[in-house]
Amino acid sequence: MNPNLLRTVLMALLLAGATAQAQRIAFVDTKYILEQMPEYAAAQQELDRNSKKWQDEIDERWKQIQHLREAFNAEAILLTEEMKKSRQAEIDKKEQEARDLQQKRFGVGGDLFKKRQELIQPIQDRVYEAVKEVAGTSYVAIFDIGGVGNNVLYASEKYDKSDSVLRKLGIRPDKDGNNPGNLRGSGEPEDDGDAAPDQRNDQNNRMSPPNRGGGDRGTIDTKPKQ
């Protein structure tokens, strides 16, 4: 476990033990959880098949371009300037088409990204819902040690003090999407943010999915082959 996370967990547990009603925190490893799910393995295999098919398609394009360039270099001495320009323009066009295809398949928001969203996102959503159910009312927060940076996967809205900090800074919290106002000099009291939960936002908890970037176990690498 990350040393900083371990210290945070231990400190939180010590503080919790000193209160009349102990609040608990926990952690899960989403990479480990996903690896145990057969549907996730099946989704990974389908993604790999699509990735290989699309990469083979792109590789074939570049092979054809290489053959065209080799033929052009071999015949250049026999071609007129006009023929050379025409052949070079054809090669340039095919190179641009190959680059466009690679971007379409593997670029940000490309085919592989969309396929991953289609296959993997529903599985991850199931995991997050299960985490929320496990947390229930017993846990203040749940960390994900399987993601980059040990993200907070679940946090109880009851203990969110962001609005209290804003009020201390003299800023009216913007809950409804309106422009926040400055409280200094307005005569309004600075709420300490400890109002009963039913006076706060109707949402009882906040859940933030872990970083799903590449390179981690259980994460799809969408980087195109070189």
### Within region 17-139: Cβ-based charge dipole about Cα centre, in debye rounded to nearest 20 (Lys, Arg +1; Asp, Glu -1)
200
### Task
Rank the residues 54, 62 as a footprinting-exposure proxy: fewest other Cβ atoms within 10 Å of their Cβ go first.
62, 54
## Note on the structure
A correct fewest-to-most ranking of 154, 139 by other Cβ atoms within 10 Å would be 139, 154
### Task
Within 10 Å of each residue's Cβ, count the other Cβ atoms and sort 68, 169, 78 from fewest upward.
78, 169, 68
### Task
Could you pull out every residue, at least 5 positions away or on a different chain, whose amide H is within less than 5 Å of the one on residue 24? Hs are placed 1.01 Å off N in the peptide plane, and Pro or chain starts have none.
140
#### Entry: Listed residues 112, 66, 78: farthest to the positive end of the dipole of region 39-113 (Cβ charges)
78
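Using unit Cβ charges (K, R positive; D, E negative) and no other charged atoms, how large, in debye to the nearest 20, is the dipole of region 52-105 about its Cα centre?
It works out to roughly 240 debye.
Every number here is computed from the coordinates shown, using simple stated rules; none is lab data. Since the model is a prediction, treat every value here as computed from it, not as a measurement. We place every Cβ from the backbone using ideal geometry, glycine too, and count neighbours over all the protein chains shown.
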